[in-house]
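Q: Can you keep this structure in mind? I'll have questions shortly.
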């Protein structure tokens with residue numbers, strides 16, 4: 001083929017390296033080497049994105065007086081595109097123990113299945129329910145097993161121990177645990193969530209207050225985050241049972 | 001003659017028998033009886049508890065019946081230590097299947113897995129067979145309620161009603177006459193009828209002593225349609241005693257009736 005000047009493309013390519021015709025994979029590879037790249041041919045800006053921010057999530061868990069609450073958003077996206085508005089990230093392990101998983105969606109699903117498997121085995125073998133601390137240690141172990149090729153999830157565990165006392169913990173993607181007495185957060189807008197929780201949290205809230213606080217903290221945090229939102233769900237765990245409520249907020 | 005060919009699992013005898021496997025099956029005939037009966041709305045597993053000492057404090061719910069998954073349970077006749085290994089294997093397999101397919105394992109699949117595991121100890125050298133027979137009871141959406149029996153050879157078969165353990169021959173003959181089923185012109189028993197039948201069979205196999213709630217454990221596997229899950233219920237002492245008393249009353253009534261007729 002001949003271009004405008006009348007010279008052949010092959011000759012042009014040899015002279016002008018920046019117009020090398022390369023495969024898409026090679027292009028992606030070069031992009032990954034640079035944080036951002038402007039391509040004259042494509043005129044698109046590609047940015048290095050953390051794998052933990054690929055799908056988007058926001059999870060908060062808080063402790064109250066003899067109760068805990070755990071809340072998550074509903075969004076599932078593929079980078080900027082929203083794919084689902086009902087993607088659950090908080091899962092029930094037992095009546096008093098819930099786990100929230102933030103991170104890469106496929107790993108969220110797989111780890112939920114793994115935890116259910118391990119929990120079933122535990123209950124069959126030991127003829128008793130798992131306590132929150134035990135689950136937290138199990139999850140930490142499961143994550144560290146993949147230390148050099150990790151699961152891309154940052155979990156949050158909320159439950160009541162057998163005395164009815166609240167238990168909260170979180171960990172990073174390779175299993176470093178952190179137990180707290182007040183609140184734990186995880187997801188793509190942790191900055192926002194920490195700010196909201198620090199401001200709104202009071203110790204020893206009852207179940208109703210806890211719900212309000214959790215809901216407000218989550219909604220306000222996710223409103224300012226592109227990757228999380230589309231409503232939410234809040235579970236309040238008390239010794240009598242669990243109350244789950246759906247939240248409707250900005251649907252964007 | 002058999003002595004030359006019976007010390008190794010991997011040797012056939014000239015008659016074409018595997019003596020080690022047969023000896024393993026013999027070991028089970030000394031164990032506490034287990035009865036399984038398929039009912040129209042569930043499965044009944046009845047076991048004879050052979051507690052060797054009153055000082056024993058068993059931490060587990062039962063040492064004869066074990067749940068294998070949410071929809072399958074089993075009872076054991078034979079060497080308890082061997083049984084513990086197999087039960088753990090079965091629980092693992094059920095869990096792995098569910099992890100992989102996100103669907104409960106079909107009952108026969110689990111039975112086959114346990115049996116293949118048992119069989120490998122009859123063919124590859126060095127290890128003795130497991131001296132355990134199981135009665136596996138479960139529900140799946142494909143074949144509904146099912147009852148299977150496994151033995152140390154790795155063989156399994158599906159049953160409507162069967163007995164394993166000591167005096168199983170006597171038990172089976174009683175079941176043959178008493179178990180009503182569509183194919184024979186009768187109807188499948190309800191759970192209550194199956195429970196009473198199980199006690200009757202236990203009375204026969206328990207060597208003179210009568211079944212009572214301390215010596216007997218009754219488990220019923222049913223399905224809660226609303227919650228879409230199976231219920232494994234081990235009858236409490238009070239409930240089992242009630243069944244035992246019903247059977248006693250019926251036996252007494254029958255005896256009285258026969259006297260009147262003659």
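The values are calculated or read from the model by the stated rules, or taken from the named source; none is laboratory data. The shown structure was predicted, so the numbers you read here are calculated from the model rather than taken from an experiment. Heads up, the Cβs are rebuilt from the backbone with ideal geometry, glycines too, and the neighbour counts pull from every protein chain shown.
Q: Test of understanding: among A:172, A:162, which residue is away from chain B (no Cβ under 14 Å) and in contact with a strand residue (DSSP E or B) (Cβ under 7 Å, 6 or more places away or on another chain)?
A: Answer to the check: A:172.
Q: Only one of (1) free of Cβ contacts under 8 Å to residues at least 12 places away in the same chain; (2) not in a helix (DSSP H, G or I) fails for residue B:259. Which number is that?
A: Failed condition: (2).
Q: As an exercise: evaluate residue B:136 against (1) within 11 Å of another protein chain (Cβ to nearest Cβ); (2) on the phi < 0 side of the Ramachandran plot; (3) modelled with pLDDT of 95 or more and give the number of the one condition it does not meet.
A: (1)
Q: So which residues in region B:105-135 are in a loop (DSSP other than H, G, I, E, B) and buried (at least 24 other Cβ atoms within 10 Å of the Cβ), if there are any at all?
A: Of everything in region B:105-135, those that are in a loop (DSSP other than H, G, I, E, B) and buried (at least 24 other Cβ atoms within 10 Å of the Cβ) turn out to be B:105, B:129, B:130.
Q: Further question on the same structure: Only one residue in B:214, B:226 is assigned to a loop (DSSP other than H, G, I, E, B), free of Cβ contacts under 8 Å to residues at least 24 places away in the same chain and farther than 16 Å from residue B:40 by Cβ. Which one?
A: B:226
Q: Okay, moving on. Name the one entry in A:154, A:112, A:123 that is without any contact (Cβ under 8 Å) to a residue 40 or more places away in the chain and within 20 Å of the chain's Cα centre (by Cα).
A: Going through A:154, A:112, A:123 in turn, just one is without any contact (Cβ under 8 Å) to a residue 40 or more places away in the chain and within 20 Å of the chain's Cα centre (by Cα): A:112.
Q: Further question on the same structure: Can you find, within region B:75-104, the residue that is nearest to residue B:155 (Cα to Cα) among those that are within 12 Å of chain A (Cβ to nearest Cβ) and outside any helix (DSSP H, G or I)?
A: B:104
Q: Then there is this: Please find, within region B:60-74, the residue that is nearest to the other protein chains (Cβ to nearest Cβ) out of those that are modelled with pLDDT of 95 or more and part of a loop (DSSP other than H, G, I, E, B).
A: B:70
Q: Looking at region B:192-211 only, could you name the residues that are surrounded by fewer than 18 Cβ atoms within 10 Å (Cβ to Cβ) and part of a loop (DSSP other than H, G, I, E, B)?
A: Across region B:192-211, the qualifying residues are B:207, B:208, B:209, B:210.
Q: Residue by residue through region A:210-252, note down the ones that are touching a residue at least 60 places away in the same chain (Cβ under 8 Å) and in a helix (DSSP H, G or I).
A: Those that are touching a residue at least 60 places away in the same chain (Cβ under 8 Å) and in a helix (DSSP H, G or I): A:210, A:211, A:213, A:214, A:215, A:217, A:218, A:221, A:222.
Q: Select, from B:9, B:33, the only residue that is surrounded by 22 or more Cβ atoms within 10 Å (Cβ to Cβ) and away from chain A (no Cβ under 14 Å).
A: Of the residues listed, the single one that is surrounded by 22 or more Cβ atoms within 10 Å (Cβ to Cβ) and away from chain A (no Cβ under 14 Å) is B:33.
Q: Tally up the residues in region A:171-194 that are surrounded by 14 or more Cβ atoms within 10 Å (Cβ to Cβ) and either part of a helix (DSSP H, G or I) or modelled with pLDDT under 95 (or both), please.
A: Result for region A:171-194: 4.
Q: Can you go through A:252, A:162 and tell me which one is farther than 15 Å from residue A:67 by Cα, surrounded by fewer than 22 Cβ atoms within 10 Å (Cβ to Cβ), out of contact with any helix residue (DSSP H, G or I) (no Cβ under 8 Å at 6 or more places or on another chain) and modelled with pLDDT under 95?
A: A:252
Q: In region A:106-130, what count of residues is obtained for those that are surrounded by fewer than 18 Cβ atoms within 10 Å (Cβ to Cβ) and away from chain B (no Cβ under 11 Å)?
A: Total satisfying the criteria: 2.
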